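Here's the structure, in structure tokens; my notes come after.
The values are calculated or read from the model by the stated rules, or taken from the named source; none is laboratory data. Bear in mind the structure is a predicted one, so any value in this text is a computation, not a measurement. Here the Cβ is made from the backbone with ideal geometry for all residues, glycine too, and neighbour counts use every protein chain on show. Only protein heavy atoms, including side chains, enter the accessible area calculation; ligands, DNA and RNA are left aside. Shrake-Rupley method; radii C 1.70, N 1.55, O 1.52, S 1.80 Å.
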Amino acid sequence: DAGVTQSPTHLIKTRGQQVTLRCSPKSGHDTVSWYQQALGQGPQFIFQYYEEEERQRGNFPDRFSGHQFPNYSSELNVNALLLGDSALYLCASTLEGGAETQYFGPGTRLLVL
Amino acid sequence: GNSVTQMEGPVTLSEEAFLTINCTYTATGYPSLFWYVQYPGEGLQLLLKATKADDKGSNKGFEATYRKETTSFHLEKGSVQVSDSAVYFCALRAGANSKLTFGKGITLSVRP
């Protein structure tokens, strides 16, 4: 049973560029959440997708957008990258309903130069 | 809004020492509480959880009790091992399928 997978593992971009990160949820899970973890900090919630729609959003600008596909996988897009976007981006999946545990992927480490 | 406060780190202990990592929270309603662990170069793994007041979560020798009266969820282990060296995050979830709110995390180093 595959857990949550993310790609790529590492990424280097320059300011102003755009980036797309990908996540495949744990088998049987239908809800995907994205988190940003800056160095030395706890993860911060970006948004959550269920049934291909954004259901909840944290305090992040519109430069951060996402998508969920019919197979429940998800993408996180960040436009007009800033130096401050450098972080570990974590994807978590769960079953809709909330009682289940969120399972995290290994993350994508993004460096913006 | 909801928030989680963890004690300042890092923490360095000798093997077999007793561990306590403090965590307090602020939330509306009755949140579920979690401890996640992050080993070097890896994502977050759920260590233990508690979903209602007075519940005790336990796993791998770690324990934490949900204390509503003190709004706390302190993590304890009676005898730490070198393999417990990692970053530990306290988190809460308020509402079904709601987001997780994390503390800043604390780095634990256990020396032989």
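With an a/c value of 1.5 or above and a/b larger than b/c for the gyration tensor axes a ≥ b ≥ c computed over the alpha-carbon atoms, the stretch A:1-84 is described as prolate.
With r defined as the distance between the Cβ atoms of A:Ser7 and B:Ser109 and R0 fixed at 41 Å, what FRET efficiency is calculated, to the nearest 0.05?
About 0.85, to the nearest 0.05.
The candidates A:Leu111, B:Leu47, A:Leu39, arranged from most to least accessible area with a 1.4 Å probe in the full protein assembly, appear as A:Leu39, A:Leu111, B:Leu47. Inter-chain neighbour count for A:100-110: the average number of beta-carbon atoms from partner chains within 10 Å of each residue's beta-carbon is 4. When restricted to Cα atoms, chain B yields an Rg and a Dmax of 13.4, 43 Å, respectively. Note on B:Thr71 and B:Glu16: the model spin-label points, each 7 Å out from Cα along the C-beta direction, lie 4.0 nm apart. Taking every C-alpha pair closer than 8 Å and separated by at least 6 residues, the mean separation divided by the residue count of chain A gives a relative contact order of 37 percent.
Local charge for A:Tyr49 was computed over the other residues whose Cβ lies under 14 Å away, with Lys and Arg +1 and Asp and Glu -1, and equals -3. What total accessible area, in Å², is buried where chains A and B meet, using a 1.4 Å probe and rounding to the nearest 100? Accessible area lost upon association: around 1600 Å².
Take peptides B:10-20, B:27-37 and line them up by average Cβ neighbours within 10 Å, highest first, as a rough protection proxy.
With the highest mean Cβ count within 10 Å placed first, the list reads B:27-37, B:10-20.
Over the stretch B:2-68, the ratio between the Cα radius of gyration and 2.2 N^0.38 Å evaluates to 1.20.
In the structure displayed, which of A:Lys26/B:Lys77; B:Lys52/B:Lys77; A:Lys26/B:Lys56; B:Lys77/B:Lys99; A:Lys13/B:Lys99 lie more than 25 Å apart, Cα to Cα? Show your work: numbers first, answer last.
Working: A:Lys26/B:Lys77 30 Å; B:Lys52/B:Lys77 21 Å; A:Lys26/B:Lys56 27 Å; B:Lys77/B:Lys99 27 Å; A:Lys13/B:Lys99 28 Å.
Those over the limit are A:Lys26/B:Lys77; A:Lys26/B:Lys56; B:Lys77/B:Lys99; A:Lys13/B:Lys99.
Averaging Cα coordinates gives a centre for the stretch B:1-49 and one for the stretch A:64-113; these two points are 22 Å apart.
A Cβ-based charge dipole, computed about the Cα centre of chain A with Lys and Arg at +1 and Asp and Glu at -1, lands at about 580 debye. In the complete set of protein chains, residue-level accessible area for B:Lys104 is approximately 130 Å², probe 1.4 angstrom. Shielding of peptide B:45-52 by partners, expressed as the average count of other chain Cβ atoms within 10 Å per residue Cβ, is 1. The accessible area of B:Glu8, taken with all protein chains in place and a 1.4 Å probe, comes to roughly 150 Å². Note on A:Arg55 and B:Ser79: their simple-model spin labels are 4.4 nm apart, each label 7 Å out from Cα toward Cβ. Rolling a 1.4 Å probe over the protein heavy atoms leaves B:Val87 with an accessible area of roughly 40 Å².
The modelled label-to-label distance for the pair A:Gln17/A:His67, using points 7 Å beyond Cα in the direction of Cβ, is 2.0 nm. The reciprocal of the average 1/r between distinct C-alpha atoms defines the Kirkwood hydrodynamic radius, which for the protein assembly as shown equals 18.0 Å.
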